[in-house]
Amino acid sequence: MNPPVAKKIKKELIAHNDVRIDEYYWLNQREDPEVISYLNAENAYTEAELADIKDLRENLFNEMIARIKQTDESVPYKIRGYYYYSRFEEGKEYPIFCRKNGDLSAPEEILIDVNELAKGHSYCHVGGLNISPDNNLLTYGIDTVSRRLYTIRIKDLTTGLTYEDTIPGTNGDTAWANDNKTLFYTLKNDETLREEKVQKHELGSKVDEDELVFFEEDDTFDVGVFKSKSQQYILISSSSTVSDEYQFVDANTPNTPFKIIQSRERDHEYSVDHFGDKFYIRTNLNAPNFRLMETSVNLTNKENWKEVLPHRPDVLLDGFEIFRNYLVVAERKDATNQLRVIRWNDMTEHYIHFDEEVYEAAIDSNPDFDSEELRIQYSSLTLPNSVYDYNMANRERKLLKRQEVLGSFNPEDYEAKRLFATASDGTQIPISLVYRKGLELNGNNPALLYGYGSYGISMDPYFSSVRLSLLDRGFVYAIAHIRGGQELGRQWYEDGKLLKKKNTFTDFIACAEILIQKKYTNAQKLFAMGGSAGGLLMGAVINLRPELFKGIVAAVPFVDVVTTMFDETIPLTTGEYDEWGNPNNKEYYDYIKSYSPYDNITTQNYPNILVTTGLHDSQVQYWEPAKWVARLRALKTDLNLLLLHTNMEAGHGGASGRFERYKETALEYSFFLKLLGIKQ
């Protein structure tokens, strides 16, 4: 079967006296039958090219889901007298959210069975579950399109009936006032999907008469609304890439005006929580890696802030959790998570010790101020996700649940370690590795290198049961902790954005090279993978060094950077000028154009490529990968595979079901194995 050929319609895109030709611009017409026909043709071509591994894909999928305990439930957490948890039933795709009153032996009360809500829908996601202060009402958001536009619904838990009130066009989250009848929510812009309004709804009133509480006029900011852990305040956040502003109102008097804690200032980021008579503020004010401050709820601007924890140049203050007797701080140092426990009365402190070299540790749900126990989550590249209660007084740790991996899995069969690559400017780039024990460093092992490197998002070395399908077939799996994340602090992020974005790409290349130099793999067995902004990474890297990789998977890739950043009607664009640069400024235009994958395709050989996207993607529009593939087809000089798979019923996160999502993973893994000649 011959690959589809997208028609070329010459369109001139002019900026700064520079004319770019975009012959595939027409693919952005989502409702055009010809566009849908083209995407379907690409899907058919992909299936035809992978027909010889149909059984392998199915076997991989069955292998992956066979490791998952189908009847399972989360560890309950307690708030206002109830234990809350979610559970799965065998054969069902979606969670069931439940609670028990008083103790865990009490009868179960089902709050929401998402399997019931999903009936008749090819996609269903429920989020933002929020219980009213009197425990009698539930709000939740539901999205059945995968556009991340949620409709809020309200359920009376005493009668089991759902209110007629439905609030469409939201992010799904709510904040209850303490009167149990007033709730705040965020509305999105219909076109750009920017979260721009906070509104107030009273039960029984008409939704179209809801009061506008706050409108964010600056289109580089998004808004949110939430309740403090203390349940005493409703807070509105306004956030951009480099600036934050918070407003608050007493949850007991929801009809009074909100007050600003600290007015927004460019390059000042902060976040807020409350305890007692103080707000606690994580801020980068004169502190690139952030520090913790406190201030009276009556005197909130920055002139009144007092330092609780100072800035440290080698440690990123990532977050914090307040208890009556303790303060817990989540930190990052040397690409490693740290949890630091501090006793309020004397400020003595200690770190929670973890045995492994590379791991992920995080603060879990801790709604009780009075607790002496900290709920944490822990996993590593070899150890499944584990939930602990850690006693902050006697420092004992109790395992509550470890993700069960069915079959013959044994953590002792695998080895994880940390490796460093030297970037082109001499910077040391950490890499986290995992593989089966007994691996020979003979340069002949298949390897998959994963990367992201944007938005300050750190890629922690977490456990994945589906990844075992590669490890057990001899793969080395590696995570490149490249600049653009925050693994080594805020500067690590700053050195991988705006006019330093190319560091992200050259860092990844250095990581690939060291895997080859250290004989973990070779260029004919090395694969790379990244999604979204990590898909941009894939596109940039194969333009620069295509010979380094046997194949790549680019999932929902952000590859048409210049055109997208010029189009302010596209979701995310205006809010990301401080991440990529505003191309209306010629300096940023020239720099973005110099690396944008779509604009830098050349007549050269490329590795084998699998590209995935979703028709309803709200983050990276489907036409970016579609255009990218079309132009690659026209210009590349090799006979390697170039495949586009569009999920016609999903968006940025792929399929919504618990098991259904792994069909795409099976597609990706089978693509790698096919290129190695492995058919089972």
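Side notes on the structure shown:
- Test result for VAL620, farther than 30 Å from GLU89 by Cα, surrounded by 20 or more Cβ atoms within 10 Å (Cβ to Cβ), touching a residue at least 60 places away in the same chain (Cβ under 8 Å) and within 19 Å of the chain's Cα centre (by Cα): yes
- Matching residues, the range 406-431, being hydroxyl-bearing (Ser, Thr, Tyr) and assigned to a loop (DSSP other than H, G, I, E, B): SER408, SER424, THR427
- Condition met for LYS206 (buried (at least 20 other Cβ atoms within 10 Å of the Cβ), among the basic types (Lys, Arg) and either in contact with a strand residue (DSSP E or B) (Cβ under 9 Å, 6 or more places away or on another chain) or more than 25 Å from LYS78 (Cβ to Cβ) (or both)): no
- Matching residues, the range 449-479, being part of a loop (DSSP other than H, G, I, E, B), within 23 Å of PHE671 (Cα to Cα) and small (Gly, Ala, Ser): GLY451, SER464, SER465, GLY474
- Top-ranked residue of the range 376-396 - restricted to ones that are in contact (Cβ under 8 Å) with a residue 60 or more places away in the chain and part of a strand (DSSP E or B), ranked as surrounded by the fewest Cβ atoms within 10 Å (Cβ to Cβ): VAL387
- Residues satisfying the stated conditions in the range 146-181, i.e. assigned to a loop (DSSP other than H, G, I, E, B) and touching a strand residue (DSSP E or B) at 6+ places or on another chain (Cβ under 8 Å): SER146, ARG147, ARG148, LEU149, LEU157, LEU161, ALA177, ASN180, LYS181
- Residues within the range 606-639 that are part of a loop (DSSP other than H, G, I, E, B), in contact with a Leu (Cβ under 9 Å, 6 or more places away or on another chain) and not hydrophobic (A, V, I, L, M, F, W, C), tallied: 6
- LEU187 among the aliphatic types (A, V, I, L, M), outside any loop (DSSP other than H, G, I, E, B) and under 17 Å from GLU216 (Cα atoms): yes
- Criterion: under 21 Å from the mean Cα position of the chain (by Cα), over 17 Å from ASN40 (Cβ atoms) and charged (D, E, K, R) - qualifying residue of GLU660, GLU649: GLU660
- Candidate set: the range 320-349, residues that are buried (at least 18 other Cβ atoms within 10 Å of the Cβ) and of a type in the set (D, E, K, R); chosen: the one farthest from ILE376 (Cα to Cα): ARG332
- Selection of the range 22-35 for residues being under 13 Å from PRO4 (Cα atoms) and surrounded by 13 or more Cβ atoms within 10 Å (Cβ to Cβ) yields only VAL35.
- For the range 246-303, filtering for residues that are outside any loop (DSSP other than H, G, I, E, B), among the hydrophobic types (A, V, I, L, M, F, W, C) and more than 19 Å from PHE215 (Cα to Cα) leaves 6.
- Screening VAL19 on (1) assigned to a helix (DSSP H, G or I); (2) within 24 Å of PHE566 (Cα to Cα); (3) not aromatic (Phe, Trp, Tyr) shows it passes everything except condition (1).
- Per-region count, the range 341-375, residues charged (D, E, K, R), closer than 19 Å to LEU399 by Cα and part of a strand (DSSP E or B): 3
- Members of the range 93-108 found to be buried (at least 18 other Cβ atoms within 10 Å of the Cβ) and assigned to a loop (DSSP other than H, G, I, E, B), listed by number: TYR94, PRO95
- Residue in the range 544-556 that is at positive phi and either in contact with a Pro (Cβ under 8 Å, 6 or more places away or on another chain) or in a helix (DSSP H, G or I) (or both) present: yes
- Checking ASP134 against (1) on the phi < 0 side of the Ramachandran plot; (2) at pLDDT below 95; (3) surrounded by fewer than 18 Cβ atoms within 10 Å (Cβ to Cβ), the condition it does not meet: (2)
- Tally of residues being part of a loop (DSSP other than H, G, I, E, B), in contact (Cβ under 8 Å) with a residue 24 or more places away in the chain and not aliphatic (A, V, I, L, M) across the range 109-134: 6
Each row is one residue, and each column tells you yes or no for (1) polar (S, T, N, Q); (2) more than 30 Å from THR144 (Cβ to Cβ); (3) touching a helix residue (DSSP H, G or I) at 6+ places or on another chain (Cβ under 9 Å).
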{"position": "SER532", "(1), (2), (3)": "yes, no, no"}
{"position": "PRO557", "(1), (2), (3)": "no, no, yes"}
{"position": "PRO597", "(1), (2), (3)": "no, yes, yes"}
{"position": "LEU610", "(1), (2), (3)": "no, no, yes"}
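- In the condition set (1) touching an Asp or Glu at 6+ places or on another chain (Cβ under 6 Å); (2) under 30 Å from LYS500 (Cβ atoms); (3) assigned to a loop (DSSP other than H, G, I, E, B), GLN338 is compliant with all but (3).
- Residue tally, condition farther than 27 Å from PRO384 by Cα and without any contact (Cβ under 8 Å) to a residue 40 or more places away in the chain, over the range 64-99: 0
- Residues that are among the charged types (D, E, K, R), buried (at least 17 other Cβ atoms within 10 Å of the Cβ) and within 22 Å of ARG324 (Cα to Cα), drawn from the range 212-251: LYS227, LYS229
- Count of residues meeting criterion [of a type in the set (D, E, K, R), assigned to a helix (DSSP H, G or I) and surrounded by fewer than 23 Cβ atoms within 10 Å (Cβ to Cβ)] in the range 482-527: 5
The values are calculated or read from the model by the stated rules, or taken from the named source; none is laboratory data. This structure is a prediction, so every number in the text was calculated from the model and none was measured. Virtual Cβ from ideal backbone geometry, glycine too; neighbours counted across all protein chains shown.
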